[in-house]
1. So, of the residues in segment 265-283 that are closer than 15 Å to THR77 by Cβ and of a type in the set (Gly, Ala, Ser), which turns out to be surrounded by the most Cβ atoms within 10 Å (Cβ to Cβ)?
2. Mind telling me which of the residues ARG245, ARG269, ARG250 ends up being assigned to a loop (DSSP other than H, G, I, E, B) and charged (D, E, K, R)?
3. Name the residue, out of ALA116, ALA158, that is more than 59 Å from the chain's Cα centre (by Cα) and either surrounded by 17 or more Cβ atoms within 10 Å (Cβ to Cβ) or closer than 30 Å to GLY274 by Cβ (or both).
4. Going residue by residue through segment 237-255, is there one that turns out to be closer than 30 Å to TYR293 by Cβ and in contact with a strand residue (DSSP E or B) (Cβ under 9 Å, 6 or more places away or on another chain)?
5. I'd like to know if segment 172-184 contains one or more residues that are buried (at least 18 other Cβ atoms within 10 Å of the Cβ) and either out of contact with any Lys or Arg (no Cβ under 7 Å at 6 or more places or on another chain) or farther than 30 Å from GLN234 by Cα (or both).
6. Looking at segment 306-328, which of its residues are surrounded by 17 or more Cβ atoms within 10 Å (Cβ to Cβ) and assigned to a strand (DSSP E or B)?
7. Limited to segment 193-213, what total is found for residues that are crowded, with 18+ Cβ neighbours inside 10 Å and closer than 17 Å to ALA158 by Cβ?
8. Any residue in segment 362-391 that's touching a residue at least 40 places away in the same chain (Cβ under 8 Å): show its pairings with residues that are part of a strand (DSSP E or B) and basic (Lys, Arg) at Cβ separation under 6 Å, as long as the two are six or more apart or on different chains.
Amino acid sequence: MNKPITQAELEQHIQSAPSAADAANTRRKKLRKKLLAGLAATVVISGAGYYAYDELIGSRYVATDNAYVGADTAQVTPLIGGPVEAVFASDTDSVARGDVLIQLDDTDARIAVAQAEAALGQAERRVGGYFANDEALTAQVAARGADQARAAADVASAESTLHRARIDFERRKALAASGSVSGDELTSAENALRMAEAALEAARANQIQAAATREAAIGSLKANVVLTRNTTVQTNPEVANAQARLDQARVDLERTVIRAPVDGVVTRRQVQVGQRVQAGSQLMSIVPVAEVYVDANFKEIQLRNVREGQLVTLTSDLYGSEVEFKGRVVGLSGGTGSAFALVPSQNATGNWIKVVQRLPVRIALDKAELEAHPLRVGLSMNVTIDTRASH
């Protein structure tokens, strides 16, 4: 049975109750102040930490995962046409520069070389004949000169004979009037005069013919000298042209063997034995895996402090974050991807919406690291650029 509360105890309890409520309220206020102070301190510390991180670290780095491995792929194309005789490389094969990749049938090329060699021999003999003709024509001009001199002497002799015959005829003609010379003697003198005149005309004709013959010989010599002037047999244009054709035929023969232009890995082989290929057709590609690079597509708002030569840290999904590649910024592309798209965006309409553009940044990789951890074209990369001053 509960003990009844006396009047005095009830009054004492009523007096003490407000004091306990006030104390509890005071404790709650103090706790709230401590919590608010702690929250404020946390916000201040967090803000200061973020500011310090942004100033000391965050603002000096830009990163993107929109980056891919690229390479200046070499295209293997024939420089001459012909049927394929053998193929020595397939996709994924590693090749070195100069390795034989494809052998074309060289039958036609060998025949062309033989024909060019024969044409060169003919040209050399023909030009050798030009030089021999120079000597022969020079001698011929000298002989024609002698003939011309002989003809001139014959004319002089005929003129002297004619002069003597004319004097004899005139003397006998004068004496014939007095009967001192017979008619037969006068007739003989007249005939001698006529024969002397005819001989002179013949001598003059021979002189003209000798001069013409000499001029013809001189013309032939000049024409032949034009073919040989300032040249030898080897430097004569006809021989040089034949030699050039032979060189071209030999080059075409060498081009029936198609070699690797660079070190790398064969990809996209598109040629088979027996196929007839045309000059310039793409037969396969070679990726120089030791010289790959990375094109990182950064947002335009990230590129304010990006400069050539800055250090870059990269990781590949192929190897994971445990393997880091070191690189350097080589340069920034001349335009965004959308600017060079086949169908570029048209921003002249009224319903235009701004889209943040990305600009490719070319990054060169360390060859020693590539040798230890090879990459392939098209692999994705994670890129972080240290935007501090160029190193």
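The values are calculated or read from the model by the stated rules, or taken from the named source; none is laboratory data. Not measured: the values here are computed from a predicted model. Heads up, the Cβs are rebuilt from the backbone with ideal geometry, glycines too, and the neighbour counts pull from every protein chain shown.
1. Step by step, filter segment 265-283, then rank; the result is SER281.
2. None of the other options fit; the residue is ARG269.
3. ALA158
4. no
5. Yes, segment 172-184 contains at least one residue that is buried (at least 18 other Cβ atoms within 10 Å of the Cβ) and either out of contact with any Lys or Arg (no Cβ under 7 Å at 6 or more places or on another chain) or farther than 30 Å from GLN234 by Cα (or both).
6. Selection gives VAL312, LEU314, THR315, SER316, PHE325, GLY327, ARG328.
7. The qualifying residues number 8.
8. ALA364/ARG328; ASP366/LYS326
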